[in-house]
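*Asks:* Next up is a structure, given as structure tokens.
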Amino acid sequence: MASNKLLTHLNLIRPCSETPLILDCFVVINDDTFGSITPARPDGDYDEVIDCRGRYALPGQINAHHHLYSTLALGMPPPAIAPADFLGILEQVWWKLDRALDTDSLRASVQSGLVESLKSGTTTIIDHHSSPEAVAGSLSLVAETAHHYGVGSAVAIELSDRNGSDCFNKCLEETITTREKYSKNNNIATLLGLHASFTLGDRSLQTISETLALDDSMGIHLHLSEDAADERDAQSRGYPSVLQRLHHFDLLNTRSLLVHGVNCPQADTELMQQLGTMLIHNPTSNANNRIGMLDRERAITLNAGLGTDGIQSNMLKEAKEGTLIRSASINPGEPSLDYLTLLFEHNPTIASRIFNRPLGRVEPGYRADLAIYDYLPRTEITPENLGSHLLFGFPQPSEVYTSGELRVREGQMTQLDEQQIKADALIQSNRLWKQLL
Ligand SMILES: [Zn+2]
């Protein structure tokens, strides 16, 4: 049923737009979409009028690379011997975790991750999934749970040879099934997930290429040159770089989502630019795995987006921590990277391309995703200094709307029982961790 809402007396912050700060404005929401944004109350009747009492609001945020399957890894017992390198981290931590997931633990992981995302103001997630022992139906589970919670999701299950050809085929089938199933839902997108070049042989890349050729509106979503080991692998197979290997198999197009790109050779920046691929930067994950830091020029040239790679759900925190991680490794006076531009300018562009609809901005016609904050600034907020307030002042949001519906009120979920979700997650995580020993 059609409905409209009027939000009154809102202090709207729109980073990276022509009017980044609009004080005391009125915002109309028609069904799931923003209508007018005006300085005076617009004419008309509204089903609901909500007085925002001068509180500050931001667009609902986009996590451009996440792993909802890894939410239950928080506090997980570490391996007996600390991994010596990146491959060791994958083999001893993440590949053990994903193989141990079943439908129940996966559901608990996804639900917890979604709750924490929503409570942080994250309203769209581009997810990269893996559960090799529970493939059938897993991508639907992620997409449908996100949809039920009101979170837009672009889902992908990773194709890899590391679990054998049977698993590869099941993951490909799961991708195709999911893409067909949700083809008419504009809050769910399905991408062709690949783990990374170094766990995919030439025959598998050829199969993926043939699948992609059947549907040119689909893009790949993969980890690109996260660690230097990925580049060494591509070279050992006779390619100048990982990117060149993917290009050789005709896997790259304007819908390709390439994640990390930290260890690519310099020349690859130009090739990515020519091909119009998208790059996602995950600063806290890169720091956590000690694999290096994305080159500033590459991030700027390619309009890189911002993701968390499963480390966390709060995008303002990711932007702040990315800023500080970079500051720790550069000299005074050296230019840094504006992480808020990644979050509020590049992520909306990337998500709008993937979902084929306008997302991530508070402007007429965009999906009505909004985070409202109980924030009493101790210094004046101006268009020039709002970045400092966002990185160093803003708390968690008190209210969050997705698709025009209130999902979080006074910091609590409106339609879901968080206590029940977390209680289930506790049970499932204990069960999951026992399987890792
Ligand atoms: Zn990742």
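*Asks:* Suppose every K and R has +1 on its Cβ and every D and E has -1 on its Cβ; what is the size of the dipole of segment 271-334 about the Cα centre, in Debye to the nearest 20?
*Replies:* Numbers: 6 positive and 6 negative charges, 15 e Å.
Roughly 80 debye for segment 271-334.
*Asks:* Over 32 Å between Cα atoms, which of Lys170/Lys320; Lys181/Lys434; Lys5/Lys184; Lys184/Lys320; Lys5/Lys317 qualify? Please list the in-between numbers first.
*Replies:* Numbers: Lys170/Lys320 39 Å; Lys181/Lys434 35 Å; Lys5/Lys184 26 Å; Lys184/Lys320 36 Å; Lys5/Lys317 30 Å.
In this structure, Lys170/Lys320; Lys181/Lys434; Lys184/Lys320 exceed 32 Å between Cα atoms.
*Asks:* Semi-axes of the chain's equivalent ellipsoid from the Cα gyration tensor, sqrt of 5 times each eigenvalue, largest first, rounded to whole Å? Kindly include the intermediate steps, with their values, before the conclusion.
*Replies:* Numbers: eigenvalues 243, 119, 93 Å².
Working through the eigenvalues yields semi-axes of 35, 24, 22 Å.
*Asks:* Where the only charges are on Cβ atoms (+1 Lys, Arg; -1 Asp, Glu), what is the dipole of segment 61-355 about its Cα centre, to the nearest 20 debye? Present the calculation step by step, with values, prior to reporting the outcome.
*Replies:* Values: 21 positive and 35 negative charges, 93 e Å.
That gives a dipole near 440 debye.
*Asks:* Given the convex hull over the Cα atoms of segment 354-422, what projected area results after averaging over all orientations, in nm²?
*Replies:* On the way: hull surface 27.3 nm².
The number I arrive at for segment 354-422 is 6.8 nm².
*Asks:* Could you compute the net charge surrounding Asp424? Neighbours are other residues with a C-beta less than 11 Å from the C-beta of Asp424; K and R count +1, D and E count -1. Write down the numbers at each step before the final one.
*Replies:* Values: positive: Arg107, Lys422, Arg431; negative: Asp104, Asp417, Glu418.
Charge balance in the 11 Å sphere: 0.
*Asks:* OK, next. For the chain, give me the percentage of DSSP beta bridges that are antiparallel, rounded to the nearest 5 percent. Before the final figure, lay out the partial values.
*Replies:* Numbers: 24 of 55 bridges.
Among the beta bridges of the chain, antiparallel pairing accounts for roughly 45 percent.
*Asks:* Can you tell me the convex hull volume per residue for segment 286-437, based on C-alpha atoms, in Å³ to the nearest whole number?
*Replies:* Values: hull volume 27.5 nm³, N = 152.
Once divided by residue count, the hull of segment 286-437 is 181 Å³.
*Asks:* By its C-alpha gyration tensor, with a ≥ b ≥ c as the square roots of the eigenvalues, how is segment 163-229 shaped: rounded for a/c under 1.5, else prolate for a/b larger than b/c, else oblate?
*Replies:* On the way: a/c = 1.96, a/b = 1.56, b/c = 1.26.
It comes out prolate by the Cα gyration axes.
*Asks:* Report, as a whole number in µm² per second, the diffusion coefficient that Stokes-Einstein gives for segment 293-350 at 10 °C and 1.306 mPa s using the Kirkwood radius over alpha carbon pairs.
*Replies:* Numbers: Rh = 11.8 Å.
The diffusion coefficient I find is 134 µm²/s.
*Asks:* Could you pull the Cα extents of segment 10-138 along its three principal axes, largest to smallest, in whole Å?
*Replies:* 64, 31, 22
*Asks:* Students often check this: by mean Cβ neighbours within 10 Å, which of 174-181, 355-362 ranks highest, and how do the rest follow? Can you show the working numbers first?
*Replies:* Details: 174-181: 18.4, 355-362: 20.1.
Per-residue mean Cβ counts within 10 Å order the peptides as 355-362, 174-181.
*Asks:* While we're here: Dipole size in debye (nearest 20) for segment 142-242 around its Cα centre, Lys and Arg Cβ +1, Asp and Glu Cβ -1?
*Replies:* Details: 8 positive and 16 negative charges, 38 e Å.
Dipole of segment 142-242, to the nearest 20 debye: 180 debye.
*Asks:* Related question: Rounded to whole Å and ordered largest first, report the semi-axes of the equivalent ellipsoid of segment 217-358 derived from its Cα gyration tensor (root of 5λ).
*Replies:* With the √(5λ) rule applied to segment 217-358, the semi-axes are 23, 19, 13 Å.
*Asks:* Could you please state, rounded to a whole Å, how far the C-alpha centre of segment 1-80 is from the C-alpha centre of segment 162-200?
*Replies:* Between the Cα centres of segment 1-80 and segment 162-200 lies a distance of 31 Å.
*Asks:* So for segment 9-122: antiparallel DSSP bridges make up what percent, rounded to the nearest 5? Spell out each step's value before the answer.
*Replies:* Working: 7 of 10 bridges.
In segment 9-122, approximately 70 percent of DSSP beta bridges are antiparallel ones.
*Asks:* Provide the packing ranking of 34-42, 79-87, i.e. peptides ordered by the mean count of other C-beta atoms within 10 Å per residue, highest first. Write out the running numbers ahead of the final one.
*Replies:* Details: 34-42: 14.4, 79-87: 12.0.
Per-residue mean Cβ counts within 10 Å order the peptides as 34-42, 79-87.
*Asks:* Quick one: net charge around Val151, please, counting Lys, Arg +1 and Asp, Glu -1 for every other residue with C-beta under 14 Å from its C-beta.
*Replies:* Details: positive: Lys119, Arg367, Arg407; negative: Asp32, Glu116, Asp127, Glu144, Asp369, Glu405.
Overall, the nearby charge balance is -3.
FYI, it's all coordinate maths here, none of it is from the lab. Bear in mind the structure is a predicted one, so any value in this text is a computation, not a measurement. As a convention, Cβ positions derive from the backbone with ideal geometry for all residues, glycine included, and neighbour counts pool all protein chains shown.
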